[in-house]
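K.L.:
Following this message is one structure expressed as structure tokens.
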Amino acid sequence: MSTMTIKNTRTKVSPGGVITLPVSARKALGMEPKTGSRVTVAVKGNAVLLAPATKDGGFRVSPAGQMEVRGDALKVLEGGKARHFYLELDDESHTVALHPWE
């Protein structure tokens with residue numbers, strides 16, 4: 001099983017553009033427990049794709065899984081019902097796709 005979809009109505013974008021990635025998403029991205037990381041953010045259609053980045057590039061993810069989403073990615077996620085989104089995890093390619101609730 002390489003991909004898994006997590007539909008949880010508790011995942012939401014804050015008004016400031018901050019999201020919290022659950023532990024399952026952090027594991028899919030290859031993050032180590034209790035350490036921060038950096039991810040690249042890309043918009044593909046009506047989804048926001050997250051992938052691991054180098055130490056110097058991408059957006060920072062805190063050890064608790066919080067990260068700020070900006071620009072087109074924020075517009076896509078805010079377009080969901082009440083700013084909620086669900087996740088699609090791919091352990092093999094180490095990517096996480098965020099989809100807004102319709």
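The values are calculated or read from the model by the stated rules, or taken from the named source; none is laboratory data. Bear in mind that the values here come from a model prediction, so they are computed numbers and not experimental data. Every residue, glycine among them, receives a Cβ derived from its backbone with ideal geometry; neighbour counts consider all protein chains shown. Accessible surface areas use protein heavy atoms only, side chains included; no ligands, DNA or RNA. Shrake-Rupley method; radii C 1.70, N 1.55, O 1.52, S 1.80 Å.
K.L.:
Would you check which residues across region 58-81 are assigned to a helix (DSSP H, G or I), touching a strand residue (DSSP E or B) at 6+ places or on another chain (Cβ under 7 Å) and over 20 Å from K7 (Cβ atoms) and list them?
P.N.:
We begin by selecting, within region 58-81, every residue assigned to a helix (DSSP H, G or I); these are 71-78, 81.
Retained after the next criterion (residues that are touching a strand residue (DSSP E or B) at 6+ places or on another chain (Cβ under 7 Å)): 72-73, 76-77.
Listed by number, the list holds a single entry, D72.
K.L.:
Now a separate question. Test each condition in (1) at negative phi; (2) modelled with pLDDT of 90 or more; (3) over 14 Å from the mean Cα position of the chain (by Cα) for G45 and report the one that comes out false.
P.N.:
(1)
K.L.:
Here's a follow-up. Would you tally the residues in region 62-98 being more than 12 Å from V18 (Cα to Cα), out of contact with any Phe, Trp or Tyr (no Cβ under 6 Å at 6 or more places or on another chain) and not aliphatic (A, V, I, L, M)?
P.N.:
Number of matching residues: 14.
K.L.:
Shifting gears a bit: Please find, among A51, A47, the residue that is under 20 Å from E78 (Cβ atoms) and out of contact with any Lys or Arg (no Cβ under 6 Å at 6 or more places or on another chain).
P.N.:
A47
K.L.:
Under 19 Å from M4 (Cα atoms) and surrounded by fewer than 17 Cβ atoms within 10 Å (Cβ to Cβ): is that true of K27 in this structure? Explain how you work it out, then say what you get.
P.N.:
Values: under 19 Å from M4 (Cα atoms): yes; surrounded by fewer than 17 Cβ atoms within 10 Å (Cβ to Cβ): yes.
In short, yes.
K.L.:
Quick one: would you say V69 is buried (at least 19 other Cβ atoms within 10 Å of the Cβ), in contact with a His (Cβ under 9 Å, 6 or more places away or on another chain) and more than 18 Å from H94 (Cα to Cα)? Give the steps one after another, and end with the answer.
P.N.:
Values: buried (at least 19 other Cβ atoms within 10 Å of the Cβ): yes; in contact with a His (Cβ under 9 Å, 6 or more places away or on another chain): no; more than 18 Å from H94 (Cα to Cα): yes.
No: the conditions fail for V69.
K.L.:
Quick one: what pairs do we get from region 78-102, first residue within 18 Å of K27 (Cα to Cα), second surrounded by fewer than 18 Cβ atoms within 10 Å (Cβ to Cβ) and β-branched (V, I, T), C-beta under 7 Å, 6+ apart or different chains?
P.N.:
Sorted first by the residue in region 78-102, then by its partner, the pairs are Y86/T5; Y86/I6; L87/I6; E88/T3; E88/T5; L89/T3; L89/I6; D90/T3.
K.L.:
Of the residues K34, K55, which single one is open to solvent by 80 Å² or more (accessible area, probe 1.4 Å), touching a Pro at 6+ places or on another chain (Cβ under 8 Å) and assigned to a loop (DSSP other than H, G, I, E, B)?
P.N.:
Numbers: K55 fails: touching a Pro at 6+ places or on another chain (Cβ under 8 Å).
On inspection, the qualifying residue turns out to be K34.
K.L.:
Here is a further query. Identify all residues within region 78-97 that are open to solvent by less than 60 Å² (accessible area, probe 1.4 Å) and touching a helix residue (DSSP H, G or I) at 6+ places or on another chain (Cβ under 7 Å); write none if there are none.
P.N.:
F85, L87, L89, D90, V96, listed by residue number.
K.L.:
Restricting the first residue to region 37-65 and requiring it to be in contact (Cβ under 8 Å) with a residue 40 or more places away in the chain, which pairs with a second residue that is open to solvent by 30 Å² or more (accessible area, probe 1.4 Å) and acidic (D, E) meet a Cβ separation below 8 Å and a spacing of at least six or different chains?
P.N.:
A47/E88
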